[in-house]
1. Return yes when Val269 is within 18 Å of Ala188 (Cβ to Cβ), surrounded by 17 or more Cβ atoms within 10 Å (Cβ to Cβ), in contact (Cβ under 8 Å) with a residue 40 or more places away in the chain and under 27 Å from the mean Cα position of the chain (by Cα) and no when it is not.
2. Just give me the residues in the stretch 357-401 being hydrophobic (A, V, I, L, M, F, W, C) and within 19 Å of Gln142 (Cβ to Cβ), in sequence order.
3. So, in the stretch 139-155, exactly how many residues are touching a helix residue (DSSP H, G or I) at 6+ places or on another chain (Cβ under 9 Å), surrounded by fewer than 16 Cβ atoms within 10 Å (Cβ to Cβ) and among the aliphatic types (A, V, I, L, M)?
4. Among the residues of the stretch 118-160, which ones are under 11 Å from Thr371 (Cα atoms), in a helix (DSSP H, G or I) and out of contact with any Leu (no Cβ under 8 Å at 6 or more places or on another chain)?
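Just so you know, all these numbers are worked out from the coordinates, no wet-lab data involved. Here the structure is a predicted model, which means the values were calculated and not measured. Here Cβ is always computed from backbone atoms with ideal geometry, including for glycine, and neighbour counts include all displayed protein chains.
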Amino acid sequence: MGQNWGRSFRGSRGLRSQLPSAALYRSPNVAYGSGAPRKRFATNGVPNVTDPVEAGAGSRPGGNDAPDLAATLSKPERTNPPGTPIPTLRPAAAGRGSTPWGRRFLAAVRHHPWMYAFVLPGLMFFVVFHYIPLLGNVIAFQDYSPYLGVTGSRWVGLENFEALVRDPEVIGAIVNTLIISFLQLVFAFPAPIVLAIFLNSLLSERLKRMIQTVVYLPHFLSWVIVIALWQQVLGGAGSLAQGLQLLGIENLNLMSDPSVFKIMVVAQVVWKDVGWGTIIFFAAISTISAELYESAAVDGAGPWRRIWHVTLPGLVPVTVMLLILQLGNVLTVGFEQLLLQQPAVGADAAQVIDTFVYYRGIAGGDWGVSTAVGMVKGVLGTILVLGANRLAKMLGTDGLF
């Protein structure tokens, strides 16, 4: 029976006519063409993968020169000696001026032209109003005059930066800025988290939406309107002062008291922007799986335990992201908010870096010193963002970038 099986493969039709298509037996490591198969490449010390059928020169389907199958399969496998280099296939050279990333970007633009058209105005806004003005930082090294321009003004090196160190007004502005930023970080930053957790615990959807609307509306008010409203309530002629006068308490004017001014600034920030932050954290809470709360309840966890072990860990990513951004703006406090209230409380309590730049540069004409202050502020803000992002990654959380 074995002899008959062998003779059937040595018939006049040849071996390839008895087997399925030769394409099914082609190896990726064998190059096919006319004549015997040629090995394309071989791995170091690994047997070459050869075709199960090694046809002789000029063999073709239907030919009579097919070799014996048993002899073909019984051939020993050939290996390359150790140390043989492994050839690699080089990719086709890219066109001039093009890269794989560039080609992918152009393909994405062709497939989604409208999406990139919507992004273009925002990109142009940042380029024109944020990146191009960075070139004006050269004024920090000049005795700049608007009449002479950048090219005609005298270069003074680091004299403007040396003047900052010797100016007590600059030191006072930096101290006030850091105090207000610290108070905002301690009180204003956690306020949206607390309010979002409170709203998430409410069972009534109608009450939840009503509270969200009420706390979010002040975000759309300008600081001029906000300061006017607070003045009408807490000022010397406000409703609170008039009510306390009936009780025998005179001369209450919280809006012009330097001792409580920084606390008032933080309270105004919380009242105006807590709704905006609440929406962000409330959206983050909604992404937490309800099964986690159900599992915690089954395990006997009460409301506070569920908040501590389920809600707060779910808020860590968005909290870290916003905290990094907050640290980047630690030297930037509300310019318009403080500028409107500075005449009432005095410069000693309300002078911050931004108002100093305004009064020294735009109002006073000392462009070099004011630009130097702004440059130092930008560099320190960048360092704080990079440091906070690095620290977040070291603690095991995802950073901003």
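1. Working: within 18 Å of Ala188 (Cβ to Cβ): yes; surrounded by 17 or more Cβ atoms within 10 Å (Cβ to Cβ): yes; in contact (Cβ under 8 Å) with a residue 40 or more places away in the chain: yes; under 27 Å from the mean Cα position of the chain (by Cα): yes.
Spelling it out, Val269 is indeed within 18 Å of Ala188 (Cβ to Cβ), surrounded by 17 or more Cβ atoms within 10 Å (Cβ to Cβ), in contact (Cβ under 8 Å) with a residue 40 or more places away in the chain and under 27 Å from the mean Cα position of the chain (by Cα).
2. Filtering the stretch 357-401 down to residues hydrophobic (A, V, I, L, M, F, W, C) leaves 357, 362-363, 367, 369, 372-373, 375-376, 379-380, 383-386, 388, 391-392, 394-395, 400-401.
Correct list: Val357, Ile362, Trp367, Val369, Ala372, Val373, Met375, Val376, Val379.
3. 1
4. The answer is Leu134, Gly136, Asn137, Val138, Ile139, Ala140, Asn160.
Residues are listed down the side, and each one gets a yes or a no for (1) under 31 Å from the mean Cα position of the chain (by Cα); (2) charged (D, E, K, R); (3) closer than 25 Å to Val330 by Cβ:
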{"site": "Leu148", "(1), (2), (3)": "no, no, no"}
{"site": "Val156", "(1), (2), (3)": "no, no, no"}
{"site": "Ile193", "(1), (2), (3)": "yes, no, yes"}
{"site": "Ser201", "(1), (2), (3)": "yes, no, no"}
{"site": "Met210", "(1), (2), (3)": "no, no, no"}
{"site": "Val214", "(1), (2), (3)": "yes, no, no"}
